[in-house]
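Engineer: Below is the structure I would like to discuss, written out as structure tokens.
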2 protein chains.
Amino acid sequence: MMAYQQSAALKAAVDLELFTAIAEGHNHPAALAQRCHCSERGARILADFFVAHGMMQKDGQTYSLTPDTNAFLNKHSPAYAGGMSGFLNAPNIRRQFDALTEAVRKGGVAATEEGSTASHYDGWVDFAKSMEAMMGMAAQQIAGLVNEGKQEPITVLDVAASHGLFGFSIAKQNPNAKIVALDWANVLEITKANAERWGLASRVSTIAGDAFTVDLGGPYDVILLTNLLHHFSFAENVKLLQRMKAALKPGGRVFTLEMVPNEDRVSPPMPATFALVMLASTPAGDAFTFAEFESMFAAAGFSSSEHIQLEASPETVILSRA
Amino acid sequence: MMAYQQSAALKAAVDLELFTAIAEGHNHPAALAQRCHCSERGARILADFFVAHGMMQKDGQTYSLTPDTNAFLNKHSPAYAGGMSGFLNAPNIRRQFDALTEAVRKGGVAATEEGSTASHYDGWVDFAKSMEAMMGMAAQQIAGLVNEGKQEPITVLDVAASHGLFGFSIAKQNPNAKIVALDWANVLEITKANAERWGLASRVSTIAGDAFTVDLGGPYDVILLTNLLHHFSFAENVKLLQRMKAALKPGGRVFTLEMVPNEDRVSPPMPATFALVMLASTPAGDAFTFAEFESMFAAAGFSSSEHIQLEASPETVILSRA
């Protein structure tokens, strides 16, 4: 019942760079207050909270980080994941969970809340800004599966491209790959800025709009559907996949990245509990099983789907062939 | 970062009586939907979430409760504690935690949020309605310490009486005890209704107002300060305790119930992490150590304070003598 306090504490500590400050040696309340521009009392109580939760240590008035906290919450660490807080704790998602009772009654996002599939939903800008760190490992692995060690000229449609990491990782490995990034116009501003940063602007073009209705161009060798299908119902997904099939070259491939629970729907923990996020935030989304994805793709005319477990990721790749 | 989802799920399940429904045998999604007046999809996703978190079991489409979940979250269980959700997840507290970053900066409840010490704060009505279950064990033990097995005529001032449980437990054990319950006027409506329910209306009178300024009456044999002092600063508490001392008979006793962390302030977990609740919700409250309480009472003119650990409670009693 009080678990929300842990999320709030972690968000505050990320906002104020508390863990980073301790890593830098600002390791007692007065020094933390100065480095984090906060009250000494606030720094002491917040730091004590993490010690009590086993995420830091305290010796007298001196705090230190545990190895895990240093790896993932110190901004100077290459594995820093604090940025995810911006999306996972964004006000819109929090409000959707505040209205969870109504969402359970209704079977989808509460009437008082905006669903994350609405065209003017503003959460995807937060997402694009903050979720890159979480997706790096998966993006590398998918790029390897797409390129298969070759450097053939391919065109890739990245649907709901967001930060763009999935397409960019393919293009980094394969200098002959061209990426078409599709997303809402406001999100594409971030995609384009990231393409510049990756030095890929000349090989990345964009399509702004709704994947269900916009002209998709093509035909493509590869289409990426990363963390997209869980937002929609089975029937909506079949319609979307029919559009994807029509935009693929013969023999083209779709790589879908998804939270895929086992058939029991209660394991493994992350894909299983992800269904609740879809209940809270979308009209009809879900965490679909592999059997469901397989029949979705078959219903849209794909000839086969296979299931590829990623390393160091709670997510699964489904490779479907036109 | 996602722990808030667990609080929201638990609140929704308590609101909808999901655990109670399963205990009654409504143990698959369609039956749950009917009993809980919710969608089948919502019931399935919410129940799966608890299975994934180890709080329920699933066999095919049939859910069952674990022993702990049955004991504490089934309304038909005498140990039902679901009612605590009303206070622990109340919108005002959740909003205060949403603004935790600002509270850490400032060193107390965020400027945009109402502190729980304000006279017109409405959270104490939720508290009085929902926290009785959490306080029963402590109230029984304090009543034993107050009465010492005797039935002498005593008058007891219960400051911030709320649900009234602490005073009522004394009066139930001792037919010669009279209770004066002090709280905000809107909260006393609940105190009075509970006194009726306990059959104690003739021995319970009330004082409405602010403990820092209202006429306390007296003199009293015993004063109860249960879960009150953590809301204020050390200096404010000294002032309050001076008023209490003036309202006590010579040799009178104050029983203080508090979350008291060890001197390291990071153990045991519940009192240690409670400081963050006070940071988020009050201007200057804290989880004080026993050494701090001892000097607070000494500064207010009390002759001695002793520390009594309760059984099966995260809280501590401090017995101070005038």
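The values are calculated or read from the model by the stated rules, or taken from the named source; none is laboratory data. These numbers were taken from a predicted model, which means no experiment stands behind them. All Cβ positions, even for glycine, are placed from backbone atoms using ideal geometry, and neighbour counts span all protein chains on display. Side chains included, ligands, DNA and RNA excluded: accessible areas come from the protein's heavy atoms. Shrake-Rupley method; radii C 1.70, N 1.55, O 1.52, S 1.80 Å.
Engineer: Is it fair to say A:Leu224 is free of Cβ contacts under 8 Å to residues at least 60 places away in the same chain and outside any helix (DSSP H, G or I)? Even if it seems obvious, please write down each step before you answer.
Structural biologist: Details: free of Cβ contacts under 8 Å to residues at least 60 places away in the same chain: no; outside any helix (DSSP H, G or I): yes.
In short, no.
Engineer: Now a separate question. Of the residues A:Glu196, A:Glu258, only one is open to solvent by less than 10 Å² (accessible area, probe 1.4 Å), of a type in the set (Asp, Glu) and either under 19 Å from A:Ala143 (Cβ atoms) or at pLDDT 95 or above (or both); which?
Structural biologist: Details: A:Glu196 fails: open to solvent by less than 10 Å² (accessible area, probe 1.4 Å).
Result: A:Glu258 is the single residue among A:Glu196, A:Glu258 that is open to solvent by less than 10 Å² (accessible area, probe 1.4 Å), of a type in the set (Asp, Glu) and either under 19 Å from A:Ala143 (Cβ atoms) or at pLDDT 95 or above (or both).
Engineer: Going by the structure shown, is B:Ile207 closer than 21 Å to B:Leu145 by Cβ and either within 14 Å of chain A (Cβ to nearest Cβ) or assigned to a strand (DSSP E or B) (or both)? Give the derivation first.
Structural biologist: Numbers: closer than 21 Å to B:Leu145 by Cβ: no; either within 14 Å of chain A (Cβ to nearest Cβ) or assigned to a strand (DSSP E or B) (or both): yes.
No, not satisfied.
Engineer: Then there is this: Just one of (1) more than 7 Å from chain A (Cβ to nearest Cβ); (2) within 28 Å of A:Ser7 (Cα to Cα) trips up B:Ile22, so point out which.
Structural biologist: (2)
Engineer: May I pose another question? Can you confirm whether B:Ile223 is open to solvent by less than 60 Å² (accessible area, probe 1.4 Å), under 19 Å from B:Glu294 (Cα atoms), in contact with a Leu (Cβ under 6 Å, 6 or more places away or on another chain) and of a type in the set (A, V, I, L, M, F, W, C)?
Structural biologist: yes
Yes/no per residue for (1) open to solvent by 60 Å² or more (accessible area, probe 1.4 Å); (2) farther than 30 Å from A:Thr101 by Cα; (3) of a type in the set (Phe, Trp, Tyr); (4) free of Cβ contacts under 8 Å to residues at least 60 places away in the same chain:
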residue	(1), (2), (3), (4)
A:Ala246	yes, yes, no, yes
A:Arg265	no, no, no, yes
A:Met270	yes, no, no, yes
A:Leu279	no, no, no, no
A:Glu315	no, no, no, no
A:Leu319	no, yes, no, no
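Engineer: Go through the stretch A:143-156 and give me each residue that's assigned to a helix (DSSP H, G or I) and either without any contact (Cβ under 8 Å) to a residue 60 or more places away in the chain or among the charged types (D, E, K, R) (or both). Give the steps one after another, and end with the answer.
Structural biologist: Filtering the stretch A:143-156 for residues assigned to a helix (DSSP H, G or I) gives A:143-147.
Once the filter is applied, which keeps residues that are assigned to a helix (DSSP H, G or I) and either without any contact (Cβ under 8 Å) to a residue 60 or more places away in the chain or among the charged types (D, E, K, R) (or both), the stretch A:143-156 yields A:Ala143, A:Gly144, A:Asn147.
Engineer: Can you pull out the residues in the stretch A:25-40 that are free of Cβ contacts under 8 Å to residues at least 12 places away in the same chain and at the interface with chain B (Cβ under 8 Å from one of its Cβ atoms)?
Structural biologist: A:Ser39, A:Glu40
Engineer: Next question, about the same structure. Mind checking which residues of the stretch B:56-78 are within 11 Å of another protein chain (Cβ to nearest Cβ) and within 25 Å of A:Val260 (Cα to Cα)? Steps first, please.
Structural biologist: To start, the set of residues in the stretch B:56-78 that are within 11 Å of another protein chain (Cβ to nearest Cβ) comprises B:56-61, B:63, B:72-73.
The answer is B:Met56, B:Gln57, B:Lys58, B:Asp59, B:Gly60, B:Gln61, B:Tyr63.
Engineer: So which residues in the stretch B:97-109 are touching a residue at least 40 places away in the same chain (Cβ under 8 Å) and out of contact with any Pro (no Cβ under 8 Å at 6 or more places or on another chain)? Steps first, answer last, please.
Structural biologist: Of the stretch B:97-109, the ones touching a residue at least 40 places away in the same chain (Cβ under 8 Å) are B:97, B:99-100, B:103-104, B:107-109.
Result: B:Phe97, B:Ala99, B:Leu100, B:Ala103, B:Val104, B:Gly107.
Engineer: Now for a different question. Out of all the residues in the stretch B:84-142, which are part of a helix (DSSP H, G or I), of a type in the set (A, V, I, L, M) and open to solvent by 10 Å² or more (accessible area, probe 1.4 Å)?
Structural biologist: Within the stretch B:84-142, B:Met84, B:Leu88, B:Ile93, B:Val125, B:Ala133, B:Met134, B:Met135, B:Met137 meet the criteria.
Engineer: Moving on. Just wondering, is there one or more residues in the stretch B:129-136 that are of a type outside the set (A, V, I, L, M, F, W, C) and either within 14 Å of chain A (Cβ to nearest Cβ) or at positive phi (or both)? Walk me through it before giving the result.
Structural biologist: First pass over the stretch B:129-136, keeping only residues of a type outside the set (A, V, I, L, M, F, W, C): B:129-130, B:132, B:136.
Now narrow it down to the ones that are either within 14 Å of chain A (Cβ to nearest Cβ) or at positive phi (or both): B:130.
So far as the stretch B:129-136 goes, yes, one or more of its residues are of a type outside the set (A, V, I, L, M, F, W, C) and either within 14 Å of chain A (Cβ to nearest Cβ) or at positive phi (or both).
Engineer: If you check A:Asp158 against the conditions, is it at pLDDT 90 or above and open to solvent by less than 30 Å² (accessible area, probe 1.4 Å)? So that I can check it myself, show each step before the final result.
Structural biologist: Numbers: at pLDDT 90 or above: yes; open to solvent by less than 30 Å² (accessible area, probe 1.4 Å): yes.
Yes: the conditions hold for A:Asp158.
Engineer: Same structure, new question: Could you tell me which residue of the stretch A:261-291 is farthest from the other protein chains (Cβ to nearest Cβ), considering only residues that are under 14 Å from B:Val51 (Cβ atoms) and of a type in the set (S, T, N, Q)?
Structural biologist: A:Asn262
Engineer: OK, next. Of everything in the stretch B:293-322, what is more than 21 Å from B:Ser233 (Cα to Cα) and assigned to a loop (DSSP other than H, G, I, E, B)? Give them in sequence order.
Structural biologist: Listed by number, the residues that qualify are B:Ser303, B:Leu310, B:Glu311, B:Ala312, B:Ser313, B:Pro314, B:Ala322.
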